[in-house]
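Each reported figure results from applying straightforward, stated rules to the coordinates on display, with no laboratory input. Just so you know, these numbers come straight off a predicted model, no measurement behind them. Here the Cβ is made from the backbone with ideal geometry for all residues, glycine too, and neighbour counts use every protein chain on show.
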Amino acid sequence: MKKLLSGNEAIALGAYLAGVKYASAYPGTPSTEILENLAKYDGVRSEWAPNEKVALDAAAGACYGGARALASMKHVGLNVASESLFYLAYTGVNGGLVIISADDPGAWSSQNEQDNRNYARFAKVPCIEPADSQESVDFLSTAFDLSEQFDTPVIFRTTTRISHSKSVVNVNGDQRVEHPGKKFSPDPSKYAMIPANARRRHPWVEDRLKRLGEWSSASAINRIEWGSKKIGVITSSVAYQYTREIFSEYSILKLGMSWPLPEKLIRDFASQVEKLVIVEELDPVYETEIRALGIPCVGKEFFPITNEFSLAVVRDGARKLGVATLEPVTTTSFATQVPTRPPGLCPGCPHRSTFYSLRKLKVRVAGDIGCYSIGVLPPFNAMDTIGCMGASIGIAQGMDAIGANSDKEPWVAVIGDSTFLHAGMPALANIVYNRGASTVLILDNDITAMTGQQENPGTGVTLSGTQGKKIDIEAVVRGMGVEDVFVVDAFDEPEVEKTIKQAIAIKDRPSVVIARGPCVFLPDYPAKFIDEVDDVKCNGCSLCFRVGCPAIFKGELDASTNKPKALIDPLLCVGCDVCLQVCPRDAIFRANN
Amino acid sequence: MNSKILLAGIGGQGVLFAHQALAACAIAQGYDVTGAETHGMSQRGGSVVSHLKIGDTSAPLIRQGTADFLLAFDPAEAYRTLPYVRRGGAVIVNSNLPNYPDERVRAQLATMGVTLCVINADAIARGLGRASAANVALIGFATTCDGFPFTRDAMRETIARSAPERFLEVNLNAFDEGVNAGS
């Protein structure tokens, strides 16, 4: 039976068919849907973890215990989990262990581009890369077999374009392979990495890498598609799809295993083609290694190191290489100017009042990763730094420690509920322990919103939808020793503003403000009225435009001020009332829905 | 059959549903399909572009200047994605604007031999009491355009299979009115 599956849906299916018993992840674009889909299958325990490192350690435990296990994350998630990856490279596995790394070339929804094939090289573990949804299913079984055969964790790398593209998969009934599970047999020399064991283990890791390379040279996971031998291209992942279309008449070595490289296969291929070309997205991983083998090739001088590939990019490089059959790329520009649609906080977003207040209070803001990163954009312009998950609180402590957190220009940290539980807690402990005096704003919208409303420990609901135990953020903060904790209704703008003011005035000890209000996409979002503008009272003062709501737009000019009056789109407005609260002329009112 | 269709609209207009319906119709007829949805960080109200390739299924994305059809659910998003359309291709747009598209664009498309079909699918959907059914009205309309890869009957059957039960009737009505508007 043929099914149209996204790469992520295919990975979930592949994991199920491979007999995975335990899977753990922290949501992160473009990886999120893998666990969401895996959770639908029986016989797999799928969990959201508070962060990627915890997810990988839990998967490691399940694999040590003998089950096939999987951890899934976005590329920067593997940074968080990298310490675990490195000890796992030494301990190896018992049941198979696969780590999904979904990279984001083009940084569609990430703070940086990074090529996680580098992690495979760095940690000396194998990396497998599918090029479409069918391979996402098939290669996952191979990855688990390989993991068990070579006693190693396996990185399974996708990119946004693989994870989120849909292609046809042949599904032939339920072929899940049940693995009975191998019992854990105590062996500290394998599982307990004290220095003496680690030193003994390292030569074994190096030898494993050699054996993996030999396996790869003989494996069908890499394949040669012979064409004209004037040019031979080595490629993988989605770059293979572009290559197949652009270099259609030439020879292609398509790598399914991108680390360690199949040296023998590459030498054979290179010796039979006149010119060797490497087409790889992001870093020159193959190119560097192939050059080091003494094999002449070209790559990054034609195919860029930055940004996502596309047919146009690969075609452009191929033309520069002299693939003469290609006509120049022509794009037609049209006589139209269309403004972009920058991301904005949704109508009804509980974060709106906080950013309106922060801008008004003119404080400096150390921001974090989540929907609220949008606070950096106009009209709020209320975020000065954004780094990675949990960074806001550390940045605030550093500013405070050197005296930059002053009465004149106070610094606050802004972090979401899920991000606080992910990496914010140790940073808050740092402030409390070292007697810092920062103000931390926790925007608690009761969900991991940016990746599409996933549950987290703060919501208390598990990935499978059962009731877990809810972690009380307020109690956590108090338990850490913060004495000044303010909880405020996020939809009450004047109260939010007053509370932030009150908290930043405390200059000799840390303070925390928890602004609580559900994400507008949650079923328990308080359905209110629709807000409307009184055309007579509104004089175009433009204050309500500063709440940055997509439902508010500019209408006709006011006769006295000559400024546009406000209008509210009844289809978009959900009646959060923030604009109503900031209007100084009471020109916005609740209309019956 | 080889056909490249680019779908463009705004988050919330049902671009993804349209993509899935067209893909399902192609698969039901035995064709291979590939495609991808692209969007930035935006949630509601952001630009959404969805690539659908039928028959030829190598790269998931359509290169600019090669799309056979542009199916645009919003007039501004149509402008933004026009460079994807090939010479001799077709642009099918939902627009509630007067004098759309702009004269200069109309002239440019004519030079390129691009067929232009504009329909007010929003008005059809609103008339049926469900504004969000405009996407299905546009699909119905598209089946009447020359060279569109799916017949009216095959497409209608797919919509009937894929629409949620409680909106089935309104969706089929929207489809039929889209077809009528094109006939």
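Below is a table of values for the structure above.
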| quantity | calculated |
| --- | --- |
| Separation of alpha-carbon centers, region A:526-544 and region B:84-153, rounded to whole Å | 35 Å |
| Cross-link pairs beyond the 21 Å C-alpha cut-off, checked among A:Lys528/A:Lys554; A:Lys275/A:Lys300; A:Lys124/A:Lys182 | A:Lys528/A:Lys554; A:Lys124/A:Lys182 |
| Derived scalar couplings ³J(HN,Hα) [region A:224-235; Karplus, 6.51 cos²θ - 1.76 cosθ + 1.60; whole Hz; x for Gly, Pro] | 9, 10, 6, x, 4, 8, 5, 10, x, 10, 9, 7 |
| Semi-axis lengths (Å, descending) of the ellipsoid that matches the C-alpha gyration tensor of region A:352-516 | 24, 18, 14 |
| Mean Cα-pair separation over length for chain A, i.e. relative contact order, pairs under 8 Å, 6 or more apart, % | 11 percent |
| For region A:223-364, with +1 on Lys and Arg beta carbons and -1 on Asp and Glu, the positive-most of A:Pro342, A:Pro304, A:Leu293 along the dipole | A:Pro342 |
| Region A:531-590: mean projected area of Cα convex hull, nm² | 3.5 nm² |
| Distant-in-sequence amide H partners of A:Gln114 (H built 1.01 Å from N, under 5 Å) | A:Asp104 |
| Separation of the A:Leu571 and A:Lys183 label points, Cα + 7 Å toward Cβ, nm | 6.5 nm |
| Förster-model FRET efficiency, 30 Å R0, B:Glu157 and A:Lys40, C-beta, rounded to 0.05 | 0.65 |
| Mean Cβ neighbour count within 10 Å, used as a protection proxy, ranking A:156-163, A:45-52 highest first | A:156-163, A:45-52 |
| Amide H contacts of A:Ile278 (H built 1.01 Å from N, under 5 Å, at least 5 apart or other chain) | A:Ile234, A:Val298, A:Gly299 |
| Net length gained if the chain between A:Lys501 and A:Val376 were fully extended (0.36 nm per residue, minus Cα distance) | 43.0 nm |
| Equivalent ellipsoid semi-axes - Cα gyration tensor, the protein assembly as shown, angstrom | 42, 39, 24 |
| Inter-chain shielding of A:339-349 (mean C-beta neighbours from other protein chains, 10 Å cut-off) | 4 |
| Within straight-line cross-link reach of A:Lys166, lysines at Cα separation under 24 Å, skipping those fewer than 8 residues along the same chain | A:Lys2, A:Lys3, A:Lys40, A:Lys74, A:Lys254, B:Lys4, B:Lys53 |
| Karplus-derived HN-Hα couplings along region B:142-158 (A = 6.51, B = -1.76, C = 1.60, θ = phi - 60°), whole Hz, x at Gly and Pro | 4, 5, 8, 7, 4, x, 4, x, 10, 6, 4, 5, 5, 5, 5, 4, 5 |
| Aspartates and glutamates with Cα under 14 Å of A:Lys362, excluding same-chain neighbours fewer than 8 positions away | A:Asp384, A:Asp407, A:Glu409, A:Glu497 |
| Within region A:552-585, backbone nitrogen closer than 11 Å to the virtual label 7 Å beyond the Cα of A:Asp535 toward Cβ | A:556 |
| Magnitude of the charge dipole, region B:59-183, Cβ model with Lys/Arg +1 and Asp/Glu -1, debye to 20 | 300 debye |
| Inter-part distance where region A:399-418 and region A:269-294 are each reduced to a Cα centre, Å | 48 Å |
| For peptides A:570-576, A:511-517, A:413-419, B:94-100, sequence by mean Cβ density within 10 Å, most packed first | A:413-419, A:511-517, A:570-576, B:94-100 |
| Euclidean distance of C-alpha centroids, region A:358-386 and region A:443-508, integer Å | 18 Å |
| Farthest toward positive dipole pole in region B:3-182 [+1 Lys/Arg, -1 Asp/Glu at C-beta], among B:Leu52, B:Val105, B:Ala121 | B:Val105 |
| Two-site FRET efficiency, A:Lys210 against A:Ala107, from Cβ-Cβ distance with R₀ of 45 Å, rounded to 0.05 | 0.80 |
| Simple spin-label estimate for B:Arg106 and A:His202 in nanometres, 7 Å along Cα-Cβ | 7.5 nm |
| For region B:23-28, Karplus couplings with θ = phi - 60° (6.51, -1.76, 1.60), whole Hz, Gly/Pro x | 5, 4, 5, 5, 5, 4 |
| Rel. contact order, % - alpha carbon contacts under 8 angstrom, at least six apart, region B:3-182 | 20 percent |
| Stokes-Einstein diffusion coefficient of chain B, Kirkwood radius over Cα pairs, 4 °C, 1.567 mPa s, in µm²/s | 80 µm²/s |
| Chain lengthening between A:Lys469 and A:Ile224 when straightened (0.36 nm per residue, less Cα-Cα) | 83.0 nm |
| Whole-number percent relative contact order across region A:352-516, with pairs defined as alpha carbons under 8 Å at least 6 apart | 23 percent |
| Exercise: per-residue mean of other protein chain Cβ atoms within 10 Å, B:75-85 | 3 |
| Average beta-carbon neighbours from other chains, 10 Å sphere, peptide A:236-245 | 3 |
| Of A:Ser560, A:Tyr90, A:Gly65, farthest towards positive along the dipole that unit charges on Lys, Arg, Asp, Glu beta carbons give chain A | A:Tyr90 |
